[in-house]
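Single-structure report; data block below.
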Amino acid sequence: MPIDRVRRKLVSGFACTAVSAAMLPCCLGRAALAAAGGVEFKVRNVADGVFALQGVDELMSAANQGAISNLGVVVGTDAVAVIDSGGSLIEANALLAAIGKITAMPVRYLINTHMHPDHIFGNAAFQEIGATIVGHHNLPRALEARGAFYLQSFRQQIGDALMKGVEIIPPTLLVDDRLQLDLGGRMLELRAWKAAHTDNDLTVFDSATRTLFAGDLVFVGSLPTLDGSLLGWLRQMDALATIGAARVVPGHGPVPADWPEALTAERRYFEVLARDIRKAIADGMPLSEAVKTAGASERGKWRLFDEYNERNATAAFAELEWE
Amino acid sequence: MQNHAYRSRQLALPLAAVFAAIILAAGTLFGFAGAANAQQTTASSDRIWQDLKGDVFGDRAILVDSGVVRIEAPKRAQDAAIVPVDIYIDLAKTPDGIKSVTLIIDVNPAPVAATFQIGKDAGVTHLSTRVRVNDYSYLRAIAETQGGELHMAQTFVKASGGCSAPAVKNQDEAMATMGQMKLRQFPPQETMTKVQELQLMIRHPNNSGLQRNPLTQYFIPAHFVQKLSISQADRPILSMEGGISISEDPNFRFDFKAHGNGEIQVEAIDTDGKVFRNQWPLEAAGL
Ligand SMILES: [Zn+2]
């Protein structure tokens with residue numbers, strides 16, 4: 001597939017700005033900025049050698065360039081790893097440009113925390129620069145089943161311009177259970193989880209700074225979305241909470257967040273939702289009725305509640321009916 | 001070329017003739033894997049139906065909104081993989097009852113979601129299930145009366161987008177539990193009638209296939225429950241053929257009139273030829 005012209009222009013444009021950035025460590029304390037298509041992407045310094053780009057709490061749209069999830073960057077003495085590629089090539093290339101201002105080290109790994117478009121639509125930009133794409137062992141299968149649908153439905157949602165060059169590119173380095181990546185001077189510990197937010201959730205722990213990149217296993221302030229297993233998510237929350245992190249970069253919400261306090265509201269929401277759905281099922285209420293009221297006491301406590309709560313309730317009902 | 005290979009595989013299915021015709025019709029409109037990028041509208045959904053109905057019902061007349069059949073679904077479906085749909089039959093308007101109901105989802109790659117045969121004197125007036133919907137679409141219920149009339153009701157569902165793809169959420173779990181069944185029996189609402197409600201649940205990934213793998217361009221193999229029969233005391237209540245767009249873990253809730261105290265029996269057959277059977281005693285229903 002020919003690389004789209006817009007993308008080439010962006011890549012070369014950013015390559016120029018990256019030249020001045022070879023004097024790296026001085027930049028480590030500062031935020032790096034990159035702008036694309038009128039949206040400014042601010043990559044902030046979270047810990048020593050750890051950076052994150054915070055997404056906005058919105059649905060993906062042409063206006064936000066698909067940049068709704070949090071992306072991470074970890075800089076070692078040999079190589080850089082990026083956590084999630086963002087919701088468009090424009091966002092991915094802006095992130096690469098910002099990384100170029102921070103370090104001259106090559107981006108060796110792109111780690112996808114799971115299958116959702118806001119985390120993987122930028123993958124082509126990383127394949128282009130030769131990064132190894134890393135993911136949960138279930139991620140290729142999940143993308144097989146959904147890729148065509150994502151490409152179609154997001155074209156409707158965010159428009160042709162932002163979809164330009166977006167390809168579904170699966171990981172080639174798969175994580176069965178755990179995997180360590182050596183970036184030089186620091187190890188990243190990757191961990192594959194059982195079905196929770198999706199059936200292909202992966203977390204990344206930087207042992208040097210004890211920073212946890214939780215992907216969408218952790219939502220802060222923005223309503224968690226359920227596309228895997230409610231029971232699996234609740235069951236694994238204890239194990240998640242025992243990770244000895246000093247801070248977390250959640251998949252959505254403020255960067256960084258306190259750990260493990262970042263889990264508290266999410267756990268409460270899912271417990272409320274499970275309680276309401278279980279009661280509806282016991283009462284013999286059909287799914288179509290139950291989802292209208294389940295979780296209602298959480299309204300007002302979350303951004304995007306009305307966008308996602310009923311969908312979560314639908315998935316929860318179909319799952320909990322089998323208890 | 002891929003289309004070709006796909007069609008010959010579909011032809012191996014018992015319902016191949018119907019499917020093949022429908023897939024051909026839809027295929028020419030869509031180029032399959034949703035090459036139609038513009039969002040479907042009521043008008044475009046209707047155009048698909050106009051092209052499709054001859055393949056399914058020939059040139060038979062279809063009465064629209066006569067009141068014999070009614071269909072309900074959320075105006076905006078939250079999860080494209082699990083869209084609840086309710087079909088109601090008004091027995092007062094069709095004294096001899098209904099023979100079958102065909103559920104159509106215009107924009108799905110195989111629009112005939114399922115056909116339900118209703119047992120004579122089974123007293124089924126309400127059937128609810130859950131379906132996958134690929135895009136904005138009309139959902140249609142076409143009921144055939146014992147006398148051979150066709151009656152249609154329709155409702156437009158905005159089901160698309162976001163990351164709620166019409167796919168299996170937890171594939172490992174789906175495969176590990178395949179074939180498990182659960183039956184819930186709800187007692188009659190009014191004590192004097194023998195009408196009660198059943199809810200049958202079957203664990204099955206119910207993959208519709210029909211999505212092209214974006215990585216290999218091959219179609220993902222379909223694997224779904226394509227035949228289902230539910231009876232009580234050896235009298236058929238409800239059976240289903242097709243089922244390609246029924247959601248993961250097929251779920252059917254319906255009312256019926258029990259005959260005696262005979263047990264409820266279920267048999268399901270999937271596209272791999274696997275047979276799943278189960279039976280349950282009829283719970284005392286205020287006899
Ligand atoms: Zn997600």
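Descriptive notes on the structure:
- Looking at the range A:52-156, the helices (runs of 4 or more DSSP H) lying wholly inside it that each contain 1 or more residues that are at the interface with chain B (Cβ under 10 Å from one of its Cβ atoms) sit at A:117-120.
Residues are listed down the side, and each one gets a yes or a no for (1) within 16 Å of the ligand (Cβ to nearest atom); (2) out of contact with any His (no Cβ under 8 Å at 6 or more places or on another chain); (3) in the same structural domain as A:PHE213 (by TED's automatic domain parsing):
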| site | (1), (2), (3) |
| --- | --- |
| A:HIS114 | yes, no, yes |
| A:ALA131 | no, yes, yes |
| A:PHE154 | yes, yes, yes |
| A:MET163 | no, yes, yes |
| A:VAL166 | no, yes, yes |
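- Of the residues examined, B:ASP96 is not one that is over 19 Å from B:LEU238 (Cβ atoms) and either surrounded by fewer than 22 Cβ atoms within 10 Å (Cβ to Cβ) or in contact with a Ser or Thr (Cβ under 7 Å, 6 or more places away or on another chain) (or both).
- Candidate set from the range B:142-173 (those that are closer than 20 Å to A:LEU287 by Cα and more than 16 Å from the ligand (Cβ to nearest atom)); member that is surrounded by the fewest Cβ atoms within 10 Å (Cβ to Cβ): B:LYS158
- Yes/no for A:PHE219 being among the aromatic types (Phe, Trp, Tyr), within 14 Å of another protein chain (Cβ to nearest Cβ) and within 16 Å of the ligand (Cβ to nearest atom): yes
- The residues listed here are A:ASP283, A:ASP306, A:ASP227; of these, the one that is within 11 Å of another protein chain (Cβ to nearest Cβ) and in contact with a His (Cβ under 8 Å, 6 or more places away or on another chain) is A:ASP227.
- Contact annotation: residue pairs with Cβ atoms under 6 Å, 6 or more positions apart or on different chains, pairing a residue in the range A:100-116 that is of a type in the set (Lys, Arg) with a partner that is more than 16 Å from the ligand (Cβ to nearest atom), are A:LYS101/A:ALA21; A:LYS101/A:ALA32; A:ARG108/A:ALA79.
- Qualifying residue in the range A:209-219 (condition: small (Gly, Ala, Ser) and open to solvent by 10 Å² or more (accessible area, probe 1.4 Å)): no
- Counted residues, the range A:275-307 - those being crowded, with 21+ Cβ neighbours inside 10 Å and closer than 30 Å to A:GLY55 by Cα: 4
- Entry remark, the range A:184-208: residues being touching a residue at least 60 places away in the same chain (Cβ under 8 Å), open to solvent by 20 Å² or more (accessible area, probe 1.4 Å) and not basic (Lys, Arg) number 2 in total.
- Hits in the range A:250-268 (condition: touching a Gly at 6+ places or on another chain (Cβ under 7 Å), within 16 Å of the ligand (Cβ to nearest atom) and either away from chain B (no Cβ under 14 Å) or among the hydrophobic types (A, V, I, L, M, F, W, C) (or both)): A:GLY253
- A:ASP176 vs. criteria surrounded by fewer than 24 Cβ atoms within 10 Å (Cβ to Cβ), over 17 Å from A:SER88 (Cβ atoms) and within 14 Å of another protein chain (Cβ to nearest Cβ): yes
- Every listed requirement among (1) open to solvent by 10 Å² or more (accessible area, probe 1.4 Å); (2) over 11 Å from the mean Cα position of the chain (by Cα); (3) at negative phi is met by B:ASN108 save one, (1).
- Condition check for A:ASP227: within 16 Å of the ligand (Cβ to nearest atom) and in contact (Cβ under 8 Å) with a residue 12 or more places away in the chain: yes
The values are calculated or read from the model by the stated rules, or taken from the named source; none is laboratory data. Keep in mind that what you see is a predicted model, and the values were worked out from it rather than measured. Heads up, the Cβs are rebuilt from the backbone with ideal geometry, glycines too, and the neighbour counts pull from every protein chain shown. Side chains are part of the model used for accessible areas, which takes the heavy atoms of the whole protein and leaves out ligands, DNA and RNA. Shrake-Rupley method; radii C 1.70, N 1.55, O 1.52, S 1.80 Å.
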